[in-house]
Each structure stands twice: as structure tokens, then as C-alpha cells.
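The values are calculated or read from the model by the stated rules, or taken from the named source; none is laboratory data. This one's a predicted model, so the numbers in the text were calculated from it and none came from an experiment. Glycine gets a Cβ as well: all are built from the backbone with ideal geometry, and neighbour counts include every protein chain shown.
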Amino acid sequence: MEVLDIMSECSSDTMRTILYSVKNILSLIQIIAPIVLIIIAAVNLSQLMISPGNKKKINAIKNSFIAAAVIFFIPMFINLVMGLVGNSTSFSDCWINANKSNRNYQYMEIGEKKKRSLFSNPNEYEKGKKQENNSSSYYYEDGEQIDGTAKQIGDVVWDPNDVTKISNLTTSQLIAALNAHGGKARNFIPYASALITAEQKYSVNVFFLIGIQATESGWITSRISQSCNNLGGVKANQYHPSNGCSSNFAYFSSVNEFIDYHARLLHNSYLTPGAAHYHGTSPSAVVTDYCPGCSSWPGTVTTIANSIFNDVARTMGG
């Protein structure tokens, strides 16, 4: 998988760490130094009361208050300047984002910027545990080739040749299907509403979304998915820092946040004609840049999507 990489010296992990530390140090100095200087001024003031004519003490008191004011306002001035400059320079952009909370993400936009492969090795991402064969449909670790025939029951649609066709599925129908599928598929039930919302917002079929996320996270059993809410193997970047995730994977504040991000990324980068990674609308087309070299990926994703669709058909009496 390839994603946007903002390539500048200050956006490297090392420089972001340095800038983050500098900003924290400035914040501490902004608080501690004025307090210390005010205490010194108070001591000098008490001594001045004993010796009222001591000009050195008067000057020391003035200097203490001036220094306290200057130290207090310097970090504010720097942040103001960086805010005015905004993202027009790589350094100011990195400075602004160095202390962004993990709950205030900005989404990556496709542009004329250099890209990097998300997976340095297709086997790098921890797949999690295999789905138990305790339902009418299963998770195949090595994938299975599907004929790609579109399926429909009632208003519900799944077309492996065009994953931009929305399913028309409701949240309650998806929950029923996940329950019917059983096993670790039920791990997706708390996120059914977010999945349906993401499908409708970005025109990415929900069966396809679940197929990818179940494949990459082992049905939300992998360590990355559970500790970092990262169900798709997304690497850390300037706007989505690792926050301690192993192998430098991106941290998300919730699975719902990841689902919205993931659907948007797929729509903007992989499924829109003219986008940087657009090769078509089938899983085989998406995998070209999403996970280069992952030959079994389209079959695995499609198998899972087919199995969830079959459970929808079963729960609807089809």
C-alpha cells in the first residue's frame, strides 16, 4: 500500500520528536521561570524594605519583572509567528503539528508529493488469529479466487468488479449478518453504524471495507488493531503519529475514527478515476498500490466480502 509521505527534513520522526521536546521545554520555562524570577524579586523587595535607598535592589527587582514578562511571552510570540506563517513552510508546518493531539487528525490528501510504500515487506503486518470454522462462511488465510459475479438480494448489492457500488445495507441488517457469521466477525458489531456511515459518505462498499479490515487485522485480533485501533496497517506519518505503536504504525483514537479515515483514503486515493493510485474498482485493481506483491490479498478480501453478503442473504431469507 502506498500513502502520501510529506517529505521534508522537519517532518521526519527525529525532527518531530525534537520539536515536540522543544515546545514542551518552552512551555515549562514559560511557567517555571517567571515564578522563580518573581520569588527573587520578592526577596529583593523585602531586602529593599530594610534598606530603602539600595539602588541595586531596585534595579534587580525591575530586571526580574522584565525578565519574567519576556520569558512568559517569548513562547507565545513564537507560536503566534508560526501560526501566521501556517503551512507555507515545511518547518512551520512541522512546528504547528508537533503537538497535535491524536484526537485531532488531519486526513492525508493526494497531491504532487512523493509517495512511499506502506509495506516494506508484504508480510510485515501482523495478521492476527485465523477465524474459526464455526459458521456457514469462513476466513481463508491464503485467499480463494472468486468469479467476480455481482450479487443482489432485495436492495442489497455486492459487486466484486465495482466496490464503489454501495450495498444499501442498514446497520441492523449488517449486525444481523455479523451475528449470523459468528466467531470473530462479531468483533465488528460495535462498529456497524460507523461502517455503514463510511460507506454512504465515501461510496466504498461495506462488504469490501470489512473484507480489507478483517484481512489486515485478523478480525480485529491483531495487536496493532487492538492497541492502536489500526485495522489497515497504515504507517505513521506527520498527521497520524505512531504514539508507541510497534513497527511505527499509525495510532487512531478509536476504531470509528480509523473506519472513516480508511473509507475516505480508499475513495480519494484508490477508487476515484484520476487519483494517484487508481487502477480500477475491483479488489485486484486496488491491491496494485495498496499492498504491492500481496497476490492472495484480492481473493482473501473478496472471500470475506462474499461470506458476509451470504450471511445477509441468509438473515433476509434469501
Name the residue, out of VAL204, VAL157, VAL255, that is closer than 17 Å to ASN310 by Cα and either in contact with a strand residue (DSSP E or B) (Cβ under 6 Å, 6 or more places away or on another chain) or among the β-branched types (Val, Ile, Thr) (or both). VAL157
Might you check whether a residue that is at negative phi, out of contact with any helix residue (DSSP H, G or I) (no Cβ under 9 Å at 6 or more places or on another chain), in a loop (DSSP other than H, G, I, E, B) and free of Cβ contacts under 8 Å to residues at least 60 places away in the same chain occurs anywhere in the stretch 270-280? yes
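Here is a check on your reading of the model: is THR302 crowded, with 21+ Cβ neighbours inside 10 Å and of a type in the set (S, T, N, Q)?
Yes.
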Do we find that LEU231 is in a loop (DSSP other than H, G, I, E, B), on the phi < 0 side of the Ramachandran plot, in contact with an Asp or Glu (Cβ under 8 Å, 6 or more places away or on another chain) and surrounded by 17 or more Cβ atoms within 10 Å (Cβ to Cβ) in this structure? yes
With respect to TYR239, is the statement that it is closer than 23 Å to PHE188 by Cα, in contact (Cβ under 8 Å) with a residue 40 or more places away in the chain, in contact with a helix residue (DSSP H, G or I) (Cβ under 8 Å, 6 or more places away or on another chain) and not in a helix (DSSP H, G or I) true? no
Checking ASN59 against (1) at pLDDT 75 or above; (2) surrounded by 17 or more Cβ atoms within 10 Å (Cβ to Cβ); (3) polar (S, T, N, Q), the condition it does not meet: (2)
